[in-house]
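These notes concern the structure reproduced below.
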């Protein structure tokens with residue numbers, strides 16, 4: 001069993017005002033495609049979880065090497081989306097959970113988080129300038145907890161309940177803190 005990457009790509013981008021995951025970065029690459037490329041570079045065969053209605057995004061993510069999992073109840077929140085990703089990669093030894101609206105994350109950072117899980121961390125996360133960022137890695141021991149997630153908090157409840165189990169890895173990657181929520185976030 002290997003660590004699997006999960007790209008959460010089922011959001012609708014309400015604050016962005018449009019489907020932000022398909023919105024192009026300055027180089028023309030859609031935001032989610034850039035995030036997927038970085039994840040697949042570190043963890044080939046990663047799973048991207050998309051909404052049933054987003055076949056364009058699913059096709060683009062498949063083209064960059066992601067396996068696709070459709071979350072039919074994505075409107076119920078990020079917890080459901082994450083659970084769908086874990087179901088799609090249920091045999092993994094752990095999961096590195098990346099967000100599709102974080103296209104500036106470096107593949108090396110993702111590898112560091114995956115290596116942390118492989119080295120025995122229960123929860124692994126990068127830290128930049130003293131601030132915990134994304135992606136977050138969770139060991140297999142959390143499988144049942146992940147499969148039971150609901151609501152829009154994702155794995156936040158798991159992290160809060162096991163804060164002392166989080167191993168942070170300091171990285172020189174400001175992308176761990178940079179997500180795209182509004183068009184203004186593209187300007188930095």
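Please treat every number below as a calculation from the coordinates, not as lab data. Just so it is clear, the structure is predicted and the values come from calculations on it, not from any experiment. Positions of Cβ are generated from backbone atoms using ideal geometry, with glycine treated the same way; all protein chains shown enter the neighbour counts.
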Cα-derived Rg over Rh, computed across the stretch 19-129 with Rh taken as Kirkwood radius:
0.95
Would you work out the relative contact order for the chain, in percent, from Cα pairs under 8 angstrom that are 6 or more residues apart?
25
Under a Gaussian network model of the chain whose springs join Cα atoms within less than 10 Å, the largest fluctuation of 100, 35, 52 belongs to 52
At the level of C-alpha centres, the distance separating the stretch 139-169 and the stretch 30-58, in angstrom, is 22
Please rank 112, 180, 6, fewest neighbouring Cβ atoms within 10 Å first, as an exposure proxy.
112, 180, 6
Divide by every residue of the chain the summed helix terms, -39500 (n - 2.57) for each DSSP H run of at least 4, and state the resulting mean residue ellipticity at 222 nm, rounded to the nearest 500 deg cm²/dmol.
-8500 deg cm²/dmol
Taking only Cα atoms of the chain, what ratio of Rg to Rh do you get with Rh as the Kirkwood inverse-distance radius?
0.93
